[in-house]
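Some notes on the structure that comes next.
The values are calculated or read from the model by the stated rules, or taken from the named source; none is laboratory data. All values reported here derive from a predicted model rather than from experimental measurement. Please note: Cβ atoms are built from the backbone with ideal geometry, for glycine as well, and neighbour counts cover all protein chains shown. When the accessible area is computed, the model is the full protein with side chains, heavy atoms only, and any ligands, DNA or RNA have been set aside. Shrake-Rupley method; radii C 1.70, N 1.55, O 1.52, S 1.80 Å.
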Amino acid sequence: MSSAELLFDSADRPAPTGPVLEVHDLAVSFPSESGRVRAVRGLSYQVAPGEVLGIVGESGSGKSVSSLAVMGLLPPQARITGSIKFQGRELIGLNDGELSKIRGKRVSMVFQDPLSALTPVYTVGDQIAEALLVHRGAKISKQAAAKRAVELLDLVGIPNAVERAKAFPHEFSGGMRQRAVIAMAIANDPDLIIADEPTTALDVTVQAQVLEVLKTAQEVTGAGIVIITHDLGVVAGFADRLMVMYAGKAVETGQVDEIYARPRMPYTLGLLGSIPRLDVGEKQPLVPIVGQPPSLTELPPGCPFAPRCPMEVDACRTAEPELVDVDGSAEHRAACIRTDELAASDTEGAEAAVEIFGAEVVEEAPIAKVPREERKIVLQLSGLVKHYPVTKGVVLKRRVGTVHAVDGISFDIREGETLGVVGESGCGKTTTLMEILNLQKPMGGTLSVLGQDAADLNAKSRKAIRRDLQVVFQDPMAALDPRLPIFDVIAEPMQVHDLDKEHIANRVPELLDLVGLRREHASRYPAEFSGGQRQRIGIARALALNPKLLVLDEPVSALDVSIQAGVINLLEELKAKLGLSYLFVAHDLSVVRHIADRVAVMYLGKIVEIGQVDEVFDAPRHPYTQALLSAIPIPDPVKERQRERILVTGDLPSPANPPSGCRFRTRCFLHATLSEDKQRTCVEVEPPRQEQGEDHEAACHFAQIRQVL
Amino acid sequence: MTVILNEGDSAGTSGAASGSPVDAAPEPGKSTTRGRLVLTRFLRNRLALFGLVVIVLMYLLAFVGPLLSKWSYDEQDYTAFLQAPYPAHIFGTDKIGTDMFAQTMRGLQKSLLIGLLVAVISTGFAALVGAVAGYFLGWVDRGLMWMVDLLLVLPSFLIIAILSPAFRGKSWLLFVVLLAAFQWMITARIVRGMTLTLKEREFVKAAKYMGQSPGRIIAKHIVPNMASLLIIDATINVGSAVLAETGLSYFGFGVQPPDVSLGTLIASGSDSALTYAWLFLIPAGFLVVFVLAVNFVGDGLRDALDPTSSRGRKREKKADRDRDDDAPASTQGPDTTTSSTTTSGGGKA
């Protein structure tokens, strides 16, 4: 960063001494219908200058609330006690005007949703300049502020910053918006940056870019960073210290390496064991943490994790454990009375989790032993095309272009098999799903389900096929009609297909058992269940008619990690028990590696690589697959720091105007290194899907194996 | 729990979630139903509760009152002309000796009945048209919305005024239909808009992909999920229908003599508003109180059904605030769970 010194000279500032942020015994509570929600209960932590502190926890653990309290951004009904000292100055009790002088200047925040963090009616450049003008006042002229805004945009890696500064937020992609927000956050050279799930809303490739930018931002400003996330992978390579929160309290703090290698609180252990690992080939058992986080309105006495803890003893229920030093180190502290026993066990990390939580690898179905060629084809797509017209004009609609959402994709799924489809958002995954589910004649190519061509279906046979083709949606909140009790939700597909009442009344409790819910739950409403339970209900509904093929649209991406593992295990079990086939769409490659037998990587409406899951992950041929895999953080700080990351530049091109030849060439790192005539091949000839090995195809002219894990 | 139970709410909830990103996970088995929660929130609003009581009393009075009076609205007492209220005629009499209490009760009965019917018909029709237009889109949508636009630009008052001679002597139910015909359009547009968003919700898609027919999807999934909007709308429609009815009757286009409504009573009493004030003030007072009460209830319902509304929230007493942290308000049963739904953690997507 050569421009960094120019931008941020800290000569006029006294060298910081002591921690930038000191939070002591912070408690935040909100009024609610059922009494006070004690969102944060006695939280203490420090952030040193230049240090990165990661705060990890499930939703509802109080991680966001505690940082909003630091920013003074909580709603007025929140009650805040304790002490928040920023560079020695107490923040609690300051009025809004005084806080505003610190906010945005000395402390800045990067929010989760970059779309709502920018004002849509001003240009990005103006908004960054505004951040400068507000805090520098007369000391900086408008022109200088505008110029600096451009420099900042340049610093966070926005190409052609002079032009882009004049663009409005909607003209930016998600990743670029998040960069702009980071630019705004570092505009006044803050001493502390709070990043609240800064990459959660972004694609993996973009996530890697944004993390890089945050690193740069930290290097240039020398600020302390608090990064809040639920993703243990993100913090592994980025944070120095880690704080794990549960039910409004820190349950484990320490150096990142220490915590990942030797977790001393069963909750942390469970979290580590519940993440599917991208770098582990053989089936690893996933640790589900049973139950769900406690209600924060009336916590029973004792350890809040006790009801979910496999190591729970009577003593856990009597008093809430305080954070104590473990392993004789003052750095690593955990709130558990049985840390010593954890330390004494032979295994460490994920293995210990498997042992303690008692997870097992799900056994394979008998059908999986039959060679693939001998199994029946359940779903077959060949050359499927879906284009959307882009029209202009209100009265006379003129067609001005075509969105190539899905542009000729082919794959098949055999009985008892799981095909994972991965790719960035906008690559056509969802369109493909919708085409399959709609069961209409495709615009191009053929679609056949269970041997029946969709083009030949009439209304009656289409309905018959729907019995065997069911779907589980991503968002468990939205997928269940909130006005219907669970019984009716699960009964609906059976009612549609005219099964008799008695059968339905018997089948619903059966299904509830199958997905691990209690029969009594049938009379409750969806709102009374947690996300994971709702997803189970969604699965029960999908299974009601004994389907052959289940289409899963990101079924676990809206769930917390600890819950996610339970749902993945359930899906695996069901597949083995019922001999189902899955079409599993996800953007999380680790989950796909865990659950899928074969994987298809999509890019801009095309499949660029397809094959056996271990083949593709261990020996990826297509540069895009390689980049995608390298962008996924691995929850292992040591490995993560050693990894070489392939950064894909820029964003997904618009599918309305895809690049000629190979669609990935505009972002391809391999393309850039090729000789000129080879580059011409990329530009002019669309690479066909070629056999690269046994059941492994890739669409690249210059495919070569590159190990990235 | 302030849980997402319908579309209107859900838009609000995401906002609430960003405001107070707390989310205690709901604990099944320990939560109240939404209905009870709405009820608690509604009952907490004193004004709305008062309004509800007033409305119920008025309906009761309108139907039970005439039974208690020994006079009928079309009977005259030739011993009492233009008498101010006194025990025999508690609301006084008019210039031909009709008992004002009997007349007012009859008028109230008619007005309230018309108001209720118009509200139910127009809201029901609006829900149907809006949902159908929003669900099917295409030419169905264009046709229906064209009709809505047409009716919106037509001056309803004028049309009813012109049409009313044709209906003279026929049933007042025709008048109800006419009034309803001009009251559903705006609601239909709102319903259409909500249908468009509901249609994209996954539970509607799920129903579609399991082979559910469009008609049943609308009836089972779309309309019930707009129930809170429709309830509020119907409540407020009662008030405006009563107003429209009285307005038209005042000018002689609505309810025809010898039948009476509040409008005709106000019309005939307005000449003598300053001299024989009871002829005017009593029916007008009933009208004002009723419409006011309806609006209170409408407001209260909206606050109770909208999870983001802070007015429905329990007020914290000052003393409670100063006291120690762990004194959860005592009025609440222990069996409610809080949450601004699990979305607040945001898109783990």
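Among the lysines, which fall within straight-line cross-link reach of A:K147, defined as a Cα-Cα distance under 30 Å, with same-chain neighbours fewer than 8 residues apart omitted? Output for A:K147: A:K101, A:K105, A:K139, A:K166, A:K215. Estimated at 0.36 nm per residue, the fully extended path between B:S270 and B:E200 surpasses their Cα-Cα distance by 19.8 nm.
Toward the positive end of the charge dipole of chain A, with +1 on the Cβ of Lys and Arg and -1 on the Cβ of Asp and Glu, the farthest Cα among A:V592, A:L91, A:V124 is that of A:V124.
Once the 1.4 Å probe is applied to the protein heavy atoms, chain A comes out at 39 Å² accessible per residue. Here the simple spin-label model places points 7 Å from the Cα toward Cβ, and for B:I186 and B:L47 these points are separated by 1.9 nm. Taking the inverse of the mean reciprocal distance over all distinct Cα pairs, the Kirkwood hydrodynamic radius of the range A:3-239 comes to 18.3 Å. For the range A:246-357, which whole-number percentage of the solvent-accessible area (1.4 Å probe, protein heavy atoms only) is attributable to carbon and sulfur atoms? Heavy-atom surface of the range A:246-357 belonging to carbon and sulfur, 1.4 Å probe: 51 percent. Between the listed residues A:H387, A:S530, A:A491, the Cα displaced farthest toward the positive end of the dipole of the range A:368-596, a dipole computed from Cβ unit charges relative to the Cα centre, is found at A:H387. 5 Å is the cut-off here: which amide hydrogens, built 1.01 Å from N in the peptide plane, fall below it relative to A:V515, excluding neighbours closer than 5 in sequence? Placed amide hydrogens put nothing under 5 Å from A:V515.
Using the Cβ-Cβ distance between A:D468 and A:N438 with R0 set to 22 Å, the FRET efficiency works out to roughly 0.90.
Over the range A:246-357, what is the relative contact order in percent, taking alpha-carbon pairs closer than 8 angstrom and at least six residues apart? That works out to 38 percent.
Which percent of the accessible heavy-atom area of the range A:609-709 goes to carbon and sulfur, probe 1.4 angstrom? Before the final figure, lay out each step's value.
Details: 2130 of 4690 Å².
The C+S portion of the solvent-accessible surface of the range A:609-709 is 45 percent.
Taking amide H positions as modeled 1.01 Å from N, with prolines and chain starts lacking one, the residues under 5 Å from A:V251 and 5 or more places away or on another chain are A:V244, A:M245, A:Y246.
Relative contact order (percent) for chain A, with alpha-carbon contacts under 8 angstrom and 6 or more residues of separation? Provide the component values of the computation, followed by the final result.
On the way: 1457 pairs, mean separation 91.0, N = 709.
Rounded, it is 13 percent for chain A.
Taken along the Cα-to-beta-carbon direction at a fixed 7 Å, the label points for A:E341 and A:V162 span 6.8 nm.
Counted residue by residue at 0.36 nm each, then reduced by the alpha carbon distance between them, the extension gain from A:D412 to A:A656 reaches 85.2 nm. Summary of packing: across the peptides B:60-72, B:263-275, the per-residue average of other C-beta atoms within 10 Å ranks them, highest first, as B:263-275, B:60-72.
If R0 is 45 Å, what FRET efficiency do you get for A:V385 and B:I159 from their C-beta distance, rounded to 0.05? Could you put the intermediate results ahead of the total?
Values: r = 52 Å, r/R0 = 1.16.
Efficiency computed from Cβ-Cβ geometry: 0.30.
Residues whose amide H falls under 5 Å from that of A:A596, counting only those 5 or more places apart or on a different chain, are absent, with hydrogens built in the peptide plane.
Leaving out ligands, DNA and RNA, and with a 1.4 Å probe, what % of the accessible surface on the range A:38-112 is carbon or sulfur? Mind showing how you got there, number by number?
On the way: 1330 of 2580 Å².
The C+S portion of the solvent-accessible surface of the range A:38-112 is 51 percent.
With a 1.4 Å probe on protein heavy atoms only, work out how much accessible surface A and B bury together, total over both chains, in Å² to the nearest 100. All intermediate terms of the calculation are to be shown ahead of the outcome.
Working: alone 30210 and 18650 Å², together 43420 Å².
Buried surface at the A/B interface: approximately 5400 Å².
Pairwise Cα distances in the protein assembly as shown exceed 50 Å for 33 percent of all pairs.
Selection among B:V255, A:S581, A:P285 by position relative to the dipole of the protein assembly as shown gives B:V255 as farthest towards the positive end (Cβ unit charges, Cα centre).
Taking the Cα centre of the protein assembly as shown as the origin, how large is its charge dipole in debye, to the nearest 20, when only Lys and Arg (+1) and Asp and Glu (-1) carry charge on their Cβ atoms? If you can, show how the numbers build up before the last one.
Details: 107 positive and 121 negative charges, 712 e Å.
The calculation lands at about 3420 debye.
Restricting to the protein assembly as shown, what percent of DSSP beta bridges are antiparallel, rounded to 5?
On the way: 63 of 99 bridges.
So the antiparallel bridges in the protein assembly as shown amount to around 65 percent.
Each helix, a run of at least 4 DSSP H residues, gives -39500 (n - 2.57); summed and divided by the residues of the protein assembly as shown, these come to -13000 deg cm²/dmol at 222 nm.
Note the full-extension length gain between A:E520 and A:N458 as 0.36 nm times their separation in residues minus their Cα-Cα distance, in nm to one decimal.
On the way: separation 62, 0.36 × 62 = 22.32 nm, distance 3.97 nm.
Full extension of this stretch gives 18.3 nm more.
Here r is the Cβ-Cβ distance between A:D96 and A:A48 and R0 is 25 Å; the resulting FRET efficiency, rounded to 0.05, is 0.35. Residues of the range B:256-298 falling in the label zone of B:I90, defined by backbone nitrogen less than 16 Å from a point 7 Å along Cα to beta-carbon, are B:282-283, B:286.
The charge dipole of the range A:594-649, taken about its Cα centre with unit charges on the Cβ of Lys, Arg, Asp and Glu (plus for the first two, minus for the last two), comes to roughly 220 debye.
The label-point distance for A:V395 and A:A138, in a model that sets each label 7 Å from Cα toward Cβ, rounds to 5.8 nm. Label zone of A:L578 (point 7 Å out along Cα→Cβ, amide N under 17 Å): in the range A:516-545 this covers A:516-519, A:533-545. Charged side chains reduced to their Cβ positions (Lys and Arg at +1, Asp and Glu at -1) give the range A:246-357 a dipole of some 420 debye around its Cα centre.
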